[in-house]
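These notes are about the structure you will find just below.
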Amino acid sequence: MGAQGRPIEAMSEAARQCQVLSQIARRQGTPVIWTRMMFAPDYSDGGMLTRLRPGLPKIGALRRGEPDVELSALVRAEADDLIVDKPRYSALIETKLADFLKEKRLGRVVIGGVTTSMCVESTARDLAQHDFEVAVIEEACGDFDAGRHAASLAALAFGFARVLPLRCAPDLFGDVAFEAIA
C-alpha cells in the first residue's frame with residue numbers, strides 16, 4: 001500500500017499492536033490466527049471484489065506467490081499459529097476459518113488488523129452474524145483515513161462487536177482465538 005502512495009503510518013502502528021496482542025494470546029494459550037489477502041495469479045477467484053477494485057489486477061497486486069501478500073515485517077507468526085489465506089475482505093468467505101473456530105470450540109474472537117473499514121469490519125460483522133462473540137482492539141486496527149477508521153469502529157460497536165482498548169486484551173483471552181487481519 002505504501003508503494004501505491006497511500007499513508008501507512010496508522011497501519012504500521014496497528015501491526016505493532018497486533019504483534020503485542022499475539023504475544024498476550026500465546027502466553028495465555030490462545031490460538032493465534034493471521035490472515036493474508038491474496039488472489040490466484042489470474043484473479044479468477046477475485047469475483048466482484050476485483051471488478052469493484054480493478055486497480056488491483058491492473059497493477060498486479062495481491063497475487064498468490066508475490067511478496068505483497070506476506071504478513072507485515074512488523075509481526076511474526078510462530079510455528080503454532082494458523083495462517084489463513086483469503087480472497088475477500090472477510091476472513092470467513094472462501095476459507096475454513098469458521099470451521100476451525102467451531103472445531104476448537106472457540107466462541108470469542110479478538111480482532112486487530114488493517115484496514116479497519118474493509119477487512120476488520122467485514123470479518124467482525126460476519127463473525128457476529130455467525131454468533132461468535134467479537135472484540136475489536138482499537139489500537140490494533142488502522143486505516144488510510146481516520147474518519148473511516150472511526151466510523152467503522154462506531155458501526156462495529158453499535159451492533160457487532162465490543163470495541164475495546166488494548167489494556168483490556170489480557171482479560172479477553174482464554175477460550176478465544178486472536179485473529180490478526182493483515
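The values are calculated or read from the model by the stated rules, or taken from the named source; none is laboratory data. Note that the structure is predicted; figures quoted are calculated from it, not measured. Counting neighbours? That spans all protein chains shown, and the Cβs are built from the backbone with ideal geometry, glycine included.
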Checked the range 85-111 for anything in contact with a strand residue (DSSP E or B) (Cβ under 9 Å, 6 or more places away or on another chain), without any contact (Cβ under 8 Å) to a residue 60 or more places away in the chain and under 25 Å from R16 (Cα atoms); matches are D85, K86, P87, R88, Y89, L92
The one condition in (1) under 20 Å from V134 (Cβ atoms); (2) surrounded by fewer than 16 Cβ atoms within 10 Å (Cβ to Cβ); (3) not polar (S, T, N, Q) that L92 fails to fulfil: (2)
Would you mention how many residues in the range 65-87 are under 25 Å from E9 (Cα atoms) and either assigned to a loop (DSSP other than H, G, I, E, B) or of a type in the set (D, E, K, R) (or both)? 14
Answer yes or no as to whether E121 is touching a helix residue (DSSP H, G or I) at 6+ places or on another chain (Cβ under 6 Å) and among the charged types (D, E, K, R). yes
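May I ask you to verify whether L56 is on the phi < 0 side of the Ramachandran plot and not in a loop (DSSP other than H, G, I, E, B)?
Details: on the phi < 0 side of the Ramachandran plot: yes; not in a loop (DSSP other than H, G, I, E, B): yes.
Here the answer is yes, as L56 does meet what is asked.
What do you reckon, is R63 more than 19 Å from V136 (Cα to Cα), loosely packed, with under 15 Cβ neighbours inside 10 Å, among the basic types (K, R) and at pLDDT 95 or above?
Details: more than 19 Å from V136 (Cα to Cα): yes; loosely packed, with under 15 Cβ neighbours inside 10 Å: no; among the basic types (K, R): yes; at pLDDT 95 or above: yes.
Taking the combined requirement at face value, the residue does not satisfy it.
Consider R167 carefully, then state whether it is modelled with pLDDT under 95 and assigned to a helix (DSSP H, G or I). Before you say what the answer is, go through the steps one by one.
Working: modelled with pLDDT under 95: yes; assigned to a helix (DSSP H, G or I): yes.
Here the answer is yes, as R167 does meet what is asked.
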Filtering the range 32-48 down to residues that are closer than 26 Å to D80 by Cβ and either among the aromatic types (F, W, Y) or surrounded by fewer than 18 Cβ atoms within 10 Å (Cβ to Cβ) (or both) yields W34
Would you point out the residue of the range 140-165, among those that are out of contact with any strand residue (DSSP E or B) (no Cβ under 8 Å at 6 or more places or on another chain) and of a type outside the set (G, A, S), that is nearest to D85 (Cα to Cα)? F144
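Among what's in the range 139-151 and is touching a residue at least 60 places away in the same chain (Cβ under 8 Å) and more than 13 Å from G113 (Cβ to Cβ), pick the residue that is farthest from the chain's Cα centre (by Cα). Break it down stepwise before answering.
Restricting attention to the range 139-151, the residues satisfying the condition of being touching a residue at least 60 places away in the same chain (Cβ under 8 Å) are 139-144, 146, 149.
Imposing the further condition that a residue be more than 13 Å from G113 (Cβ to Cβ) reduces the set to 144, 146.
Numbers: F144: 15, A146: 18 Å.
Per the criteria, the residue is A146.
Just checking, how many residues over the range 13-60 are among the small types (G, A, S) and at pLDDT below 95? Walk me through how you get there before you give the answer.
Let us first name the residues in the range 13-60 that are among the small types (G, A, S), namely 14-15, 22, 25, 29, 40, 44, 46-47, 55, 60.
Add one more test, that the residue is at pLDDT below 95, and what stays is 25, 29, 55, 60.
Of the residues in the range 13-60, 4 are among the small types (G, A, S) and at pLDDT below 95.
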The range 13-53, residues that are more than 28 Å from A79 (Cα to Cα) and outside any loop (DSSP other than H, G, I, E, B): G47, M48, L49, T50, R51, L52
Would you check if A10 is part of a loop (DSSP other than H, G, I, E, B), modelled with pLDDT under 95, touching a helix residue (DSSP H, G or I) at 6+ places or on another chain (Cβ under 8 Å) and buried (at least 16 other Cβ atoms within 10 Å of the Cβ)? no
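Would you be able to tell me the number of residues in the range 67-100 that are touching a Pro at 6+ places or on another chain (Cβ under 9 Å) and closer than 11 Å to I33 by Cα? Can you show your working first?
Of all residues in the range 67-100, those touching a Pro at 6+ places or on another chain (Cβ under 9 Å) come to 80-82, 93-95, 100.
Those still in the list that are closer than 11 Å to I33 by Cα too: 80-82, 100.
The qualifying residues number 4.
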Among V114, V136, which is touching a residue at least 40 places away in the same chain (Cβ under 8 Å) and of a type in the set (A, V, I, L, M)? V114
